[in-house]
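Participant: Structure provided below as structure tokens; questions to follow.
The values are calculated or read from the model by the stated rules, or taken from the named source; none is laboratory data. Since the model is a prediction, treat every value here as computed from it, not as a measurement. Note that each Cβ is placed from the backbone with ideal geometry, even for glycine, and that neighbours are counted across all protein chains shown. Side chains included, ligands, DNA and RNA excluded: accessible areas come from the protein's heavy atoms. Shrake-Rupley method; radii C 1.70, N 1.55, O 1.52, S 1.80 Å.
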Amino acid sequence: MNGKVLKLFITSNDEQKTRLTPDAITVDEDGVLEDKFYKKDLMRAVLITSLDSYNLAKENGIEIEYGLLGENILIDANPYSLVPGQTLKIGDTILEITQNCTLCKGLSTVSSKLPKILKDDRGIFAKVVNGKSTINIGDIVEI
């Protein structure tokens, strides 16, 4: 199954936790460079979310902007069936799935229904396994 990168996000480490939407992000074994979570937790280095998560919220009457789920990478394919240890390729970057994304309390500030709706469909965490590389909007995702 193939897809492509639709949007990219970096969360700044400023007081407002500003969400930046660059055309490209640089990643390495410690996560997304310039992201507030960089070098924090190898098992949660990069968060990948499918467009399907936003569609699921919308089908349940919750309209949310892209990036609100906290992802670094938004793709148009659904990788949620991958299990820890499996890999996917985005452009020249190889990512190993580390865990399913757990739900955070922040989702309930958007809607009290959102955590239940996205229980198994918020995203997946991965780590970079092939060194420093760049991921661009439009890159091909190979699952």
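Participant: Specify whether the C-alpha gyration tensor of the range 17-136 places it in the rounded, prolate or oblate class, a ≥ b ≥ c being the square roots of the eigenvalues: rounded for a/c under 1.5, otherwise prolate if a/b is larger than b/c and oblate if not.
Facilitator: Here the range 17-136 falls in the prolate category.
Participant: I would also like to ask the following. Can you tell me how the range 1-47 classifies by the Cα gyration tensor, rounded, prolate or oblate, using a/c under 1.5 as the rounded cut?
Facilitator: Oblate.
Participant: Let me ask something additional. Based on the Cβ-Cβ distance from residue 81 to residue 23, what FRET efficiency comes out when R0 is 30 Å, to the nearest 0.05?
Facilitator: According to the calculation, E is roughly 0.55.
Participant: For n ≥ 4 DSSP H runs only, could you compute -39500 (n - 2.57) per run for the chain, divide by its residues and tell me the 222 nm figure to the nearest 500?
Facilitator: -3000 deg cm²/dmol, from helical runs alone.
Participant: Here's a follow-up. Using the heavy atoms of the protein chains and a 1.4 angstrom probe, tell me the accessible area per residue for the chain in square angstrom.
Facilitator: 52
Participant: Highest first, please rank the peptides 88-100, 30-42 by the mean number of other Cβ atoms sitting within 10 Å of their residues.
Facilitator: 88-100, 30-42
Participant: For residue 138, what is the net charge nearby, where nearby means another residue's Cβ is under 13 Å from its Cβ and Lys, Arg count +1, Asp, Glu -1?
Facilitator: Summing Lys and Arg as +1 and Asp and Glu as -1 gives -1.
Participant: Straight-line reach only, C-alpha to C-alpha below 12 angstrom: list the aspartates and glutamates that residue 7 could link to, leaving out same-chain residues fewer than 8 apart.
Facilitator: 23, 65, 71, 76, 139
Participant: Something else about it: Under the rule of at least 5 residues apart or a separate chain, name every residue whose amide H is placed under 5 Å from the amide H of residue 77.
Facilitator: Under 5 Å from the amide H of residue 77 lie the amide H atoms of 4, 51, each far enough along the sequence or on another chain.
Participant: Which order do the peptides 108-119, 62-73 come out in when sorted by mean C-beta neighbours inside 10 angstrom, highest first?
Facilitator: 62-73, 108-119
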